[in-house]
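The structure appears below as structure tokens.
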């Protein structure tokens, strides 16, 4: 089968194991040449989706197209899909050369073509010197490169990666990501990459789809998902360290404004958000603050007022490339953990001390505690495809509303809200 | 609570190729209540070291002291250590509370003491830990099981706490949450701890100090700042810091630095501090200067956006060498300034080309 020039189309895909829908009405269009990442916590259905694409599991309902071709009933080997697994799936009894050549031999490729392609792939992944060895003589990183080289020599219509970097040391991962991108660009074919690590998703994907409980939550670039999460779950899942979530109550102010009230603070609602928040007066909302939107008042690059700060006890200071991450807890009787990423290194002498942090109020997120839907910065309607977005509250809210029934809305609805807001 | 001291520990194994040293002369001190993170690539001996401290392996040579007590010959069950491994090993037939209380039921404690200790531990484990207590291990997720395992360890008031990759099996998001819980527990209970991991970021987070191991030896022990700003050699420099530092082969002659056919004058401050001849330059992602008259173009291969830090890590080629450059988020896809890029010579780490030891480092930056 030739390249999937029309990309990969997934329509109303369902996979049930018994009563349980592990993949629940999934709709995606993966563009030709796109590296598309499926991300979500364990058990969200991302790996099952990958197996459905490969044909390793029969679908329960819905359709999968490679270009124009419906592949639901096509056997795995005839789908011409290349797979790179977490455990690399290389044959222990074969040499590195034979492992790389395996797919070509199985397709009866001529001998000189095999030799040439294996040599090229080995050079690209820096394993030329290992071609005569057996897998057990290789390190984890080398084995992973053998698996990539094996995928490279094939001309597959679709490349599927199932957590291929999960077993690698942190220091090898940066290099391995580069290798995967190299492979992807050389092939120019669509690829689907599954991971539970949002940082990996952000580093690799042209677009990222966040899944939860078998359902698609949101599709977009890494920055889209980060800055405009459609719901509390996506806000929580994307970004590391994660978004700070607080359960707040909306109270009217003496001077006609609104405040977000929590035992640890009373934050004024910025004017541009008041209309959206007003219907919740007297009710609860979940407030989300990204770690970079908490800064020392004197160093903040945004407007600071006395009542826009949260005080916290410094528990841990972790150095980062650009400054540090500070882990704090609020000062009320049942303290709540929160995190700030600062642009300068906080000296160790602040450990165990109380500090005020100013909140960048214009960057806060608010979520409806019932359905988890984002109130302020929902996704932009840039996607032309009718992708259904399911919203449900995050599994990790501030003081924990238990699991809520999920409800569904269309992205178009979210975008209407955006326009209203503008 | 107690301190820990290792003196000249050697551990040999009988392998297929004869006697093989797993630990070669390790000496180490961990203060009372201190958490020391031991980090190194797989096979460096870090897990063996932990087993030797626990008494699960006996050293070929050397002594182990808990405080002033020589523990070298003492059986593991008499050392009073608490251990947490990557597999959680809970008693499956007991609810979480039973797992926590088991030890007390088999030692001389009153029911009240047990209840009190379990309650206090559960309180410190966080708001949602209480409702784990009534559940059986098989109904718990990996993260929840590991939290119970850690709580079970803490509840026993161990003399020394040993952890070997305790969160490696959790998914990324869960790992992020669990490590802060562990850290707070260690702070609160002030337990002397050895924490083994292959992940330098986790080591930085968990350890008050870090020990970097390679091939059975400790290369360096110190704070993150010691290891980051004054690594003893290129191995430590490469291992500590994310993204990994870029290593550029270079040569110094007549006051000029030569890299891949180009050359730059060495800043005055550095002349006299570096020997002429071949060198290795250690360039961290934040050590690059844009828009320099004597800069050269960066050819971008891909950009990794890190919105929480408002930066992008740009991977690419500079003078034909693979490099990683930290840039403001807005410049992730390139900017004119990247056409004239070069390292900030005064910030770099300079290593010897032969044995890769540190020749010069500017040390920690002066912030104020």
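Rg over Rh for region B:323-368 works out to 1.09, both radii taken from alpha-carbon positions and Rh defined as the Kirkwood radius. Taking only the alpha carbons of region A:241-363, we obtain Rg and Dmax values of 14.6, 44 Å in that order. Shape index of chain A: Rg/Rh, with Rg the Cα radius of gyration and Rh the Kirkwood radius from the inverse mean 1/r over Cα pairs, equals 1.04. Just checking the listed ones, B:39, B:247, B:212: in the Gaussian network model of chain B with Cα springs under 10 Å, the one fluctuating most is B:247.
Taking the longest Cα principal axis of chain B as reference, the axis of helix B:96-105 is set at about 60 degrees. Taking the convex hull of the alpha carbon positions in chain B and averaging its projected area over all directions gives 23.1 nm².
Comparing B:14, B:78, B:25 in a Gaussian network model of chain B (Cα springs below 10 Å), the most mobile by mean-square fluctuation is B:14. Computed over chain A, relative contact order equals 15 percent, with contacts defined as Cα pairs under 8 Å that lie 6+ residues apart.
Return the average number of partner chain Cβ atoms within 10 angstrom of each residue Cβ along peptide A:337-343.
Average per residue, whole number: 3.
Counting Cβ atoms of other protein chains within 10 Å of each residue's Cβ and taking the mean over peptide A:193-203 gives 3. Counting only Cα atoms, region B:156-312 measures 64, 35, 26 Å along its principal axes, largest extent leading. Averaged over residues, the count of other Cβ atoms within 10 Å places the peptides B:261-272, B:43-54 in the sequence B:43-54, B:261-272, highest first.
Give me the Kirkwood hydrodynamic radius of region A:8-234, using the inverse of the mean 1/r over all pairs of distinct Cα atoms, in Å to one decimal. Present the calculation step by step, with values, prior to reporting the outcome.
Details: mean 1/r = 0.0552 Å⁻¹.
The answer is 18.1 Å.
From the square roots a ≥ b ≥ c of the eigenvalues of the alpha-carbon gyration tensor of the protein assembly as shown, which class results: rounded (a/c under 1.5), prolate (a/b over b/c), or oblate? Rounded shape, in that the Cα axes give a/c under 1.5. In plain terms, if you count all Cα to Cα distances in region B:235-360 and split them into 5 Å steps from zero, the share in each step is 2, 11, 21, 24, 19, 13, 7, 3, 0 percent. Compared with the dominant Cα axis of chain A, that is its longest principal axis, helix A:111-124 is turned about 30°.
Against chain A, whose longest principal axis is taken from its Cα atoms, helix A:411-421 shows a tilt of about 30°. Between region A:165-216 and region B:292-332, the alpha-carbon centres lie 19 Å apart.
Laboratory data are not the source of any read-out in this text; all were calculated from the coordinates shown. Quick caveat: nothing in here was measured; it's all calculated off a predicted structure. When we count neighbours, we look across all protein chains shown, and the Cβ atoms used for this are built from the backbone with ideal geometry, even at glycine.
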